[in-house]
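Below is one structure; the comments refer to it alone.
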Amino acid sequence: MKLTRNLLLITISTFFFFYSFHSFLILPLRIVELGGSEFDIGFIMSIAGVSTILLTPLSGILGDIYKKKYLLLLGSLVLGFTNFSFTFFDNLYYSYLFLRFLQGCCFSFFFVSAGTLVAESTNKENQTQALGFLGVFAILNHALAPTVSAEIIKYFSYDFFFMTTAFASFASFLIALMITTEKNKKEDKIKEFNFLITFKDNKFILICSIMFLIGGSFLTCLNFAAVFADSFNIVPITTFFIAYTGIALIMRIFFGWLPDKYGPSRILHPFLLIYGFSIFILSLSDSFWAFLISGAIFGFSHALVYPSLYSLALMFSEEENKAKSFSICSVSFTLGGMIFSIIYGLVAELYSFKVMFLSCSIIVTIGFFFLTKKLHKEIVYDNR
């Protein structure tokens, strides 16, 4: 895969954006400090998913018509001001809900544009690897952002933490300014505004269904893993994130070529089952090493699954509908995360974190087993 100037700029801008965004994985600790419950954590953290779902379809439409660079700039700039605004408020059900809603809007504009820009910057043979390369910078911040943020809060304050995330967003904005893109042609685009055009293919529906389950389980783990670890006095509380990130980075960097060589659909079935198993291990975790092992297995499986699904979605999409297809996959992921976070936040409050993660692992593993088998059959049938 050739590393072009644009690809490098997009990934660096993405790194700073995701540092800013994923730093808020530590926000549940602040919510607890302000008197919030497990349900409050799930509800407040998932509200960003509501705005992402509402705005992502619009992001896909605008991305297919106008320069995607503009959406990158909009998302990073507004996120900076939004994060800075956290320094002025500490009301959970007014200010925090509203600001999390704005964060979701920013994410929808930035993520859809970054993903499709990367796909357009590479040939189809290296598309999965390129998306995986972009994901390296995003994955890195699943561990780096909350770990650094936890130290900033420990030695400084929450206000200083909020300001550092704002500066990271502004850095993302400045780097995105240097990206060069061709102006999209508006002709023949307006007639493609029918968003349901991407659902004509059964394969795409199956991909979105899998993304829904991944989003639900993935964001449930990220939203509650730190609080779960804290309940056992695990140090650091970000052990799960660190293990996940380290293994996922190794997989993306050294084995990111596997889906392109053997086909994304062949990668999905075994790796998704391992993914479900990793959540089962997390449900049994009560020590540093248990959290470390579960995070490592989680990272090993998730590393290739995510870019493979996006690559398949783009593979089955017309050129003029790629941004829409990418955005619908993103909506599916976010919708799953929003619904699972609220439901499992309530499960954790009524029962325990162990029951929450255990039930999550059972549901997604069964879903993955049947959906991936069906998807593989559809692809094989179409290739005859």
So which of LYS261/LYS377; LYS68/LYS154; LYS261/LYS374 end up more than 27 Å apart, counting from Cα to Cα? LYS68/LYS154
Compute, for the range 1-129, the length of the dipole vector about the Cα centre, with Cβ point charges of +1 (Lys, Arg) and -1 (Asp, Glu) only. Units Debye, rounded to 20. 560
Residue ranges of DSSP H helices in the chain that stretch 30 Å or more (Cα, own long axis) and have mean Kyte-Doolittle hydropathy of at least -1.0 are 38-65, 97-120, 127-155, 202-230, 288-315, 322-350, 353-382
Using a ≥ b ≥ c from the Cα gyration tensor of the range 22-74 (square roots of the eigenvalues), is it rounded, prolate or oblate, where a/c under 1.5 gives rounded and otherwise the larger of a/b and b/c decides, a/b for prolate? prolate
Under Stokes-Einstein, the range 323-384 at 20 °C and 1.002 mPa s, with its Kirkwood radius over C-alpha pairs, diffuses with a coefficient in µm²/s of 155
Note, ILE44: beta-carbon cut-off 15 Å, +1 each Lys/Arg, -1 each Asp/Glu, net -3
Which one of ALA168, GLY299, SER327 has its Cα pushed farthest toward the positive end of the charge dipole of the chain, where Lys and Arg give +1 and Asp and Glu give -1 at the Cβ? SER327
Could you work out, for the range 33-106, what percent of all Cα-Cα pairs fall into each 5 Å distance bin, beginning at 0 Å and stopping at the bin that holds the largest distance? 3, 16, 22, 22, 16, 10, 6, 3, 1, 0
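Sequence gap at least 6, Cα distance under 8 Å: using those rules, report the relative contact order of the chain to the nearest whole percent.
28
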So how do 326-333, 300-307 stack up, highest first, on mean other-Cβ count within 10 Å? 326-333, 300-307
What is the Rg over Rh value, at two decimals, for the chain, using alpha-carbon atoms and the Kirkwood definition of Rh? 0.95
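Provide PHE137, PHE298 in ascending order of the number of other Cβ atoms located within 10 Å of each residue's Cβ, fewest first. All intermediate terms of the calculation are to be shown ahead of the outcome.
Working: PHE137 21, PHE298 29.
Listing PHE137, PHE298 from fewest to most nearby Cβ atoms yields PHE137, PHE298.
Considering just Cα atoms, how many Å³ per residue does the convex hull of the range 236-285 enclose?
Spread over its residues, the Cα hull of the range 236-285 gives 64 Å³ apiece.
Quick note: the coordinates plus some simple rules give every number you see, no bench work behind them. Quantities reported herein were computed from a predicted structural model and do not represent experimental measurements. Note: ideal-geometry Cβ built from the backbone for every residue, glycine included; neighbour counts use all protein chains shown.
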